[in-house]
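Input: a single structure, listed below in structure tokens.
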Amino acid sequence: MCPAKDGDYEQAAAVTGRITIVGLGPGEAHWLTPAAQAAIAAASDLVGYGPYLDRIPAQAGQTKHGSDNRVELARAGHALALAAAGKHVAVVSGGDPGVFAMAAAVFEALEAGDPAWRALPIAVEPGITAMLAAAARAGAPLGGDFCAISLSDNLKPWEVVIARLEAALAADFVICLYNPISKARPWQLGAALEIAARHREAETPVIFARAIGRPDESLRILTLPEAVAAADSADMATLVMIGASSTRTIAHEGKNPIVYTPRSVTKSPCATSQGRT
Ligand code: SAH
């Protein structure tokens, strides 16, 4: 065998690092996949929003790099730089890392960053996203066609949010609203629900699913007018789901009604939604 040259060692050092973007699921450890858990256990460095890192028990020899919620791109660049320096990095996200979360930020940083980063092994480990956890608690509201919209206008103009919401309402999708409200965005959810109330019947079920999978979880099943009136009671930990025209409830003694959307569709969206505008 030929003796290794210095250059070979440099090459080897350049690819010893790796990065995995890991979904923690919506709540507690039992909703973390075994694969996500293994990726976290194998990491030398954990990168993420401070409260998400707090959910992971400390492990000997592992360094946590916590950061603020609003610095996703900087955090992604930091994670890539650590991996390029030979670390085994796990970037953690709540829910699924590909849904309004860190995976897209890491790929954005990769696209714009040091070309050498493109040699790094990069993987994404999925997690249970909030809308699936909320749907499971409510029954089967996502049994028919559905979509997800982030109501945050931090990264896109509000007009785009409204245009997408109007289109989804017109097409009669079940609509999941992520990031419904924050201190800096107090009125957007109320405005969105008022638009929905112009398209859909008053008895359309609306689900306010809060902190699902955590000890303080709550689930409220409201009508559209009740949801408009309750918009202020939602917070950053709430996912709001607006039913389609076929979404309905079944009384469930002593419990929240079950919400479900049948899989079969017999009406055209024009007959159900646009006719009301
Ligand atoms: N990547 C995450 C979503 C990040 S956006 C995921 O896949 O779930 C953050 C938004 O997700 C919150 O504002 C809220 O709308 C929703 N969310 C996250 N965790 C939640 C939970 N446990 N219960 C209800 N909604 C949640």
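What follows draws every value from the coordinates through simple rules; no lab data is involved. Owing to the predicted nature of the structure, the values given are computational and were not obtained by experimental measurement. Ideal geometry is used to build each Cβ from the backbone, glycine not excepted, and the neighbour counts take in all protein chains shown.
Once every DSSP H run of n ≥ 4 in the chain is given -39500 (n - 2.57) and the sum is divided by its residues, what mean residue ellipticity at 222 nm do you get, rounded to the nearest 500 deg cm²/dmol? Can you show the working numbers first?
Numbers: 10 runs with 91 residues, N = 277.
Taken over the chain, the calculation gives -9500 deg cm²/dmol.
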**Message:** Charges on Cβ only, +1 for Lys and Arg, -1 for Asp and Glu, centred on the Cα centroid of the chain; of Ile221, Phe146, Ala123, which one is farthest towards the dipole's positive end?
**Reply:** Ile221
**Request:** Based on a Kirkwood Rh over C-alpha pairs, give the Stokes-Einstein translational diffusion coefficient of segment 124-277 at 20 °C and viscosity 1.002 mPa s in µm²/s.
**Result:** 138
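If packing is taken as the average number of other Cβ atoms within 10 Å across a peptide's residues, how do 80-87, 128-135 rank, most packed first? Spell out each step's value before the answer.
Numbers: 80-87: 19.5, 128-135: 23.9.
Ranking the peptides 80-87, 128-135 by packing returns 128-135, 80-87.
About the Cα centre, and with charges only on the beta carbon of Lys, Arg (+1) and Asp, Glu (-1), how big is the dipole of segment 126-277? Nearest 20 debye, please. If you can, show how the numbers build up before the last one.
Numbers: 15 positive and 14 negative charges, 42 e Å.
I would put it at about 200 debye.
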**Complete:** The size of the Cβ-based charge dipole (Lys, Arg +1; Asp, Glu -1) of the chain about the Cα centre, to the nearest 20 debye, is 420
**Asked** Within straight cross-link reach of Lys87, meaning Cα distance under 12 Å, which aspartates and glutamates are found once same-chain residues fewer than 8 apart are removed?
**Response** Asp45
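So how strong a dipole does segment 158-217 carry about its Cα centre when Lys and Arg Cβ are +1 and Asp and Glu Cβ are -1, to the nearest 20 debye?
Details: 7 positive and 8 negative charges, 55 e Å.
Its charge dipole is roughly 260 debye.
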**Item:** Rg(Cα)/(2.2 N^0.38 Å) for the chain, N = residue count
**Value:** 1.17
